[in-house]
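What follows is a set of notes on a single structure, which appears directly below.
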Amino acid sequence: MKTKNDHMKESRRRQAMTLIKNFQRRGIDGAYFATCAEAVEDICAAIPVGALVGLGGSETLIESGLLDALRKMDIRLLDRYKPEVSRAEVDEMRRQGLLADIFLMSSNAVSADGRLVNIDGTGNRVAALVFGPKKVVVLAGMNKVTADLETAVSRARNSAAAANSLRVGADTPCAHSGFCQDPHCHPPQRICCQLVITEGGMVPGRIRVVLVGESLGY
């Protein structure tokens, strides 16, 4: 007899299959894996030896084990998470990442109809998603999937941004209240300076979304 956990896993899988079909209509490739280990193996297998690989700021890349796996590969990794890396070095990696062979990132939210919603502070992550790197791979846990675009934007603002403000120590209204209070939030503390909704990929297959049947990131 199937358990509650079995039903939840099957529900996530069916949601992912629906999403992948919707991605395809938008010129975006999609894949689904039940576990992080499977997803990481798939992503790494598609990265050629010697490739220049950029990273968008992402807790998902760390939690999934992808960053650790990349560090063991024969690639030119723009590793912004190296111990004692300087702010100037990170800024230079952000610029180089725009010309990467492959750029790896997550998404703040994914709507059920196949749109990606992302909010950035400096904007290098969303810039790379929009244009520059030859290939962009988006790794996202199914916890980031929402029923519609409005809910996806709300998730990006009220879940992802609020938690990220706490993570980086930003003194923003959402860090105190837990909710976005946009009219009262301004730079330099504000981390929501760019809101990008990806409706589709002009170059078919340039963007690939790898969904994982686990909760990852914020």
Notebook entry, point to check: Using mean Cβ contacts within 10 Å as the protection proxy, how do 108-120, 38-50 order, highest first?
Noted result: 108-120, 38-50
Note to self: If R₀ is 30 angstrom, what is the calculated FRET efficiency for the pair residue 151 and residue 84, using the beta carbon separation as r and rounding to 0.05?
What the structure shows: 0.15
Next item on the list: Please work out which option in [x] 1.90; [y] 0.94; [z] 1.00 gives Cα Rg over 2.2 N^0.38 Å calculated from these coordinates, and answer with its label.
Entry: [z]
Check: Which value in nm describes the separation of the simple spin-label points at residue 73 and residue 113, placed 7 Å from the Cα toward the beta carbon?
Finding: 3.4
Next item on the list: Between beta-carbons, use under 11 Å as the cut-off and find the net charge around residue 50, counting Lys and Arg +1, Asp and Glu -1.
Entry: -1
Checklist line | CD proxy at 222 nm, helix term only [per DSSP H run n ≥ 4: -39500 (n - 2.57); per residue of the chain; nearest 500] | finding: -10500 deg cm²/dmol
Note to self: Within 14 Å, Cβ to Cβ, of residue 88, how many net charges do the neighbouring residues add up to if Lys/Arg are +1 and Asp/Glu are -1?
What the structure shows: +1
Next item on the list: With a Förster radius of 41 Å, plug the Cβ-Cβ distance of residue 45 and residue 25 into 1/(1 + (r/R0)^6) and report the FRET value to the nearest 0.05.
Entry: 0.95
Notebook entry, point to check: For the chain, what relative contact order do you get, as a whole percent, if you take Cα pairs closer than 8 Å and at least 6 residues apart?
Noted result: 29
Margin query: Using Cβ counts within 10 Å as a stand-in for footprinting exposure, how do 8, 73, 142 rank, fewest first?
Written below: 8, 73, 142
Check: Quick one: if you stick a label point 7 Å off each Cα along the C-beta vector at residue 35 and residue 194, how many nm between them?
Finding: 3.6
Next item on the list: For residue 91 paired with residue 7, estimate the spin-label separation in nm (one decimal), with each label point 7 Å from Cα along the Cα-to-Cβ line.
Entry: 5.4
Item checked: Net +/- balance of residues flanking residue 125 in space, Cβ distance below 14 Å, scoring K and R +1, D and E -1 -> 0
Item checked: Gyration tensor (alpha-carbon) shape descriptor, the range 138-181, a/c threshold 1.5 -> oblate
Next item on the list: Calculate the length of the line joining the C-alpha centroid of the range 121-195 to that of the range 69-96, in whole Å.
Entry: 22
Item checked: 159, 64 arranged by Cβ crowding within 10 Å, fewest neighbours leading -> 159, 64
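FYI, it's all coordinate maths here, none of it is from the lab. Because the structure is a prediction, the values reported are computed rather than measured. No Cβ is skipped: glycine too gets one built from the backbone with ideal geometry, and neighbour counts run over all protein chains shown.
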